[in-house]
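This report concerns only the one structure given below.
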Amino acid sequence: MDSEHWRAVITAAQAGDRRALDELVAGWLPLVYNIVGRALNGHADVDDVVQETMLRAVGNLGSLRDPDSFRSWLVAIAMRQIRDRARRKTPDRLEEAPASDFADLTVLRLQLEGQRREVAEAVRWLDDEDRQLLSLWWLEVAGELTRRELAAAVGITRQHAAVRVQRMKERLETSRGIVRALDGACPGLRELTGRWDGRPDSVWRKRLARHIRGCGYCGGTRETVVPAERLLVGIALVPLPVGFTLSLAFGGKTAVAATSAGWSAKLLGALTKPAVAVTAGATIVAGGAYVVTQPPDAPPPRAAIAPTATATSEPPRTSAPPAPTPRSSPSATKKTDPYGTVVDAVDRAPDPDTPPAALPRRPESGITSTGGPKAVMQHRGDRVTLTGRGYVLVRWQISPGSRPGALVMPSWTGLTGRLFHVASGGSRRMDDPLPGAPNGYATGMGGPGIGYAVLPPGTQQMWQNEYFYLDGTVTLTQNERGCDYGLIVFPTDRDAVVEDIGQGPPQGAIRYGLVRDTGTDSAPVPQYVTRETPADPATVPQRSRV
């Protein structure tokens, strides 16, 4: 930023120029947002800490003697607020999950790939103190801060800062190795992480690091590892969420008090009015929360951000939901599209005693899988590529007992050819009651004793076994980011599908299966499918059009 320009703006703001104050806050808010967001890893308190930082900066602007020191002064205020927030945390809030993981936001909004993505995701494995330091060092190597400003913000000498940064970088490199290993297919690592709840912490960082040091598969690398500082040079700030706004409460102060502290009416309106903006089919509301909307005749956004679950306390419905709404497009009723229709509404649960319809015969030359005959996908980012002509089984294992909450659905990407849903089996839907279920479960989606797995609004309720027909190539990615779940992917055949949907478990059938393939190319394509290959598969729109 031009120092001469900002010196003039700061001086004018100190003299009471409201336009200058507006420009000052708008210009420096992204820097504060990046520092706080990365230090807290996108925790729900980010907005509050950013808000308090800007309020204190504006309220104490008159005490700043040297406008040239504004940036280091502002960063120091932000770091004090971050540390104060850490001291105020109660034991209950220590385990509170981030509202929106800042590593994910960094990867998505800056379109990071390869080792740059690896560095961003490794931040999750750092302790709070290291993450706070990294939030400054990241901006230093990106050209937004100087080492002198970093040291001043932390309250240590430049020499001590050099030692602290070096130790943090060593732990960051260890964490990069963990991210790299978890993206691999080491059997020993999968066995080790079988008891892991998926939440990065220092204990598991040490366990995984020990495994990697002694494992020839995980310890080796197929490419040169570039130092993190070289990867981060020149990376821009993560932009503010569209519609980002600060709370009307101003940390407990009223709007009148905030105005008397020097906030201009224009700035106050911009930062306190509940902002709602419609852009590319997404309604963005105050605080950066995303609520995906879809006008009846508008095409879905190509890369909609998965909405935050707002009803995690509501259990899944076990009664029949409303019938699907007919599609408004006239072409949807024509049988000219060989790829079927789109599952964009929740269907009715069939009667448990209704026998399944006949499954037509389709050509089967066999499916090859990069995961072998049984691909187990337990962690976010696990993926398998399927190629050929035939049937595929995706078996669900949902574990709200380990971690309940919003469930981020898997996605099918890079599709060539055709893919559609043919049948559901496994003897039950995941929301069917489980009589006598142990450990607090009421259904396969959880229970009041452990919490529920909550599907995104409008998502089709899955069965234990879901069958698809593929004629081409596609990649299935596990996108676990909330509720704990796993997938097992089997290439299979029609006979196995028929056997599954026609009978139940040994203790007696809970329900038959469900057939959607009628042989007329009207079977629905799965939700979250695209012919594109997005950087983040979790952003595939639900109402997919192939």
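Got a number for residues in the stretch 399-416 being farther than 14 Å from residue 528 by Cβ and touching a Cys at 6+ places or on another chain (Cβ under 7 Å)?
Total meeting the criteria: 5.
Hey, among the residues in the stretch 180-205 that are more than 21 Å from residue 120 (Cβ to Cβ), small (Gly, Ala, Ser) and not in a loop (DSSP other than H, G, I, E, B), which one's modelled with the highest pLDDT?
Among those residues, the one meeting the criterion is 188.
Exactly one condition in (1) farther than 17 Å from residue 374 by Cα; (2) open to solvent by less than 40 Å² (accessible area, probe 1.4 Å); (3) in a strand (DSSP E or B) is false for residue 471; which is it?
The one condition residue 471 does not meet is (2).
Condition test on residue 145, is it surrounded by 13 or more Cβ atoms within 10 Å (Cβ to Cβ), aliphatic (A, V, I, L, M), touching a helix residue (DSSP H, G or I) at 6+ places or on another chain (Cβ under 7 Å) and in a helix (DSSP H, G or I)?
Answer is no for this residue.
Which of the numbered conditions does residue 440 fail, given that it passes all the others? Conditions: (1) closer than 24 Å to residue 531 by Cβ; (2) without any contact (Cβ under 8 Å) to a residue 60 or more places away in the chain.
Every condition holds for residue 440 apart from (1).
Looking at 523, 535, which one is surrounded by fewer than 18 Cβ atoms within 10 Å (Cβ to Cβ) and of a type in the set (A, V, I, L, M)?
Checking each option against the conditions leaves just 535.
Name the single residue that is most open to solvent (accessible area, probe 1.4 Å) among those in the stretch 336-365 being of a type in the set (S, T, N, Q) and modelled with pLDDT of 70 or more.
My answer is 365.
So which residues in the stretch 63-82 are outside any loop (DSSP other than H, G, I, E, B), open to solvent by 70 Å² or more (accessible area, probe 1.4 Å) and modelled with pLDDT under 90?
Answer for the stretch 63-82, where residues must be outside any loop (DSSP other than H, G, I, E, B), open to solvent by 70 Å² or more (accessible area, probe 1.4 Å) and modelled with pLDDT under 90: 63, 68.
Anything in the stretch 387-397 that is on the phi < 0 side of the Ramachandran plot, more than 20 Å from the chain's Cα centre (by Cα) and open to solvent by less than 40 Å² (accessible area, probe 1.4 Å)? List them, or say none.
391, 392, 393, 394, listed by residue number.
For the stretch 444-465, what are the residues that are outside any loop (DSSP other than H, G, I, E, B) and out of contact with any strand residue (DSSP E or B) (no Cβ under 6 Å at 6 or more places or on another chain)?
The answer is 447, 451.
Here is a check on your reading of the model: is residue 114 touching a residue at least 40 places away in the same chain (Cβ under 8 Å) and on the phi > 0 side of the Ramachandran plot?
Taking the combined requirement at face value, the residue does not satisfy it.
Can you pull out the residues in the stretch 398-425 that are closer than 24 Å to residue 388 by Cα, open to solvent by less than 20 Å² (accessible area, probe 1.4 Å) and not in a loop (DSSP other than H, G, I, E, B)?
411, 412, 413, 415, 419, 420, 421, 422, 423, 424, 425
Could you list, ordered by first residue, the pairs with Cβ atoms under 8 Å in which the first is in the stretch 39-63 and farther than 26 Å from residue 106 by Cα and the second is surrounded by 21 or more Cβ atoms within 10 Å (Cβ to Cβ) and modelled with pLDDT under 85, at least 6 apart or interchain?
58/263
Need the failing condition index for residue 37 against (1) modelled with pLDDT under 80; (2) under 20 Å from residue 124 (Cβ atoms), just the number.
Residue 37 satisfies all of (1) modelled with pLDDT under 80; (2) under 20 Å from residue 124 (Cβ atoms) except (1).
Output the residues belonging to the stretch 459-506 that are among the hydroxyl-bearing types (Ser, Thr, Tyr) and more than 21 Å from residue 443 (Cβ to Cβ).
Matches in the stretch 459-506: 467, 469, 473, 475, 477, 492.
Within the stretch 425-436, can one find any residue that is more than 18 Å from residue 351 (Cα to Cα) and not aliphatic (A, V, I, L, M)?
yes
Can you pull out every residue in the stretch 160-191 that is surrounded by fewer than 18 Cβ atoms within 10 Å (Cβ to Cβ) and within 24 Å of residue 376 (Cβ to Cβ)?
Result: 183, 184, 185, 187, 188, 190, 191.
The values are calculated or read from the model by the stated rules, or taken from the named source; none is laboratory data. Only a predicted model underlies this, so the values are computations on that prediction, with no experimental measurement involved. Glycine gets a Cβ as well: all are built from the backbone with ideal geometry, and neighbour counts include every protein chain shown. Keep in mind that these areas ignore ligands, DNA and RNA; they rest on the heavy atoms of the full protein, side chains included. Shrake-Rupley method; radii C 1.70, N 1.55, O 1.52, S 1.80 Å.
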